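Chemist: I'd like to ask some things about the structure below.
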Amino acid sequence: QFWRLGSSDTNGEVVAAAHGKSKYNSIALIELNALEQGLQLAVRHNTTRLKAQTDSTNVVSFMKQGSKPQWQASMMIKRIREQILKMETFSIKHIYREANRLAASNYT
């Protein structure tokens, strides 16, 4: 139920990092919650170009293909899409869990 995220510049230097405990029990909702928190962090740091990476194929599918999420996620996805509109560019891609753990360890 915990999430962790980080933001780095084009040189790979850490710009910002955050972590927290999600109130959700579903993995998809926890991952969406982390994406939402990451977007809010990016906006607070005046980031206009964002490349998001997640080990959740569900989150990528929700954001790219518009797959139908659990009903509990619909409002969160709406908020995420509103944050994305604030970006000059936004992309999201799936990365394998092992790579995600390695990336996350760089932000602790």
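The values are calculated or read from the model by the stated rules, or taken from the named source; none is laboratory data. No experiment lies behind these values; they were computed from the predicted model shown. Positions of Cβ are backbone-derived with ideal geometry, glycine not excepted, and every protein chain shown enters the neighbour counts. Protein only, heavy atoms only, side chains kept; ligands, DNA and RNA dropped before computing areas. Shrake-Rupley method; radii C 1.70, N 1.55, O 1.52, S 1.80 Å.
Chemist: So which lysines can LYS23 reach, going by Cα to Cα under 22 Å and dropping same-chain residues fewer than 8 places off?
Modeler: LYS68, LYS78
Chemist: What is the set of long-range amide H partners of SER8 at a cut-off below 5 Å, with H atoms built 1.01 Å from backbone N?
Modeler: VAL15
Chemist: Counting only protein chains, not ligands or nucleic acids, how are TYR24, TYR96 ordered by accessible area (probe 1.4 Å), most first? Present the calculation step by step, with values, prior to reporting the outcome.
Modeler: Details: TYR24 45, TYR96 160 Å².
My answer, sorted largest first, is TYR96, TYR24.
Chemist: By average Cβ neighbour count within 10 Å, what is the ranking of 38-49, 12-23 from highest down? If you can, show how the numbers build up before the last one.
Modeler: Working: 38-49: 15.1, 12-23: 12.3.
In descending order of packing, they fall as 38-49, 12-23.
Chemist: Right, next: For ILE92, list long-range residues whose amide hydrogen, built 1.01 Å from N in the peptide plane, is under 5 Å from its own amide hydrogen.
Modeler: Distant-sequence amide H within range of ILE92: ALA52.
Chemist: Counting heavy atoms of the protein chains only and a 1.4 Å probe, report the per residue accessible area for the stretch 10-98 as a whole number of Å². Display every interim value, and only then the final one.
Modeler: Working: 5840 Å² over 89 residues.
So the stretch 10-98 comes to 66 Å² accessible per residue, rounded to a whole number.
Chemist: Distance in nm between label sites at GLU82 and VAL14, each 7 Å beyond Cα in the beta-carbon direction?
Modeler: Inter-label distance under the simple model: 3.1 nm.
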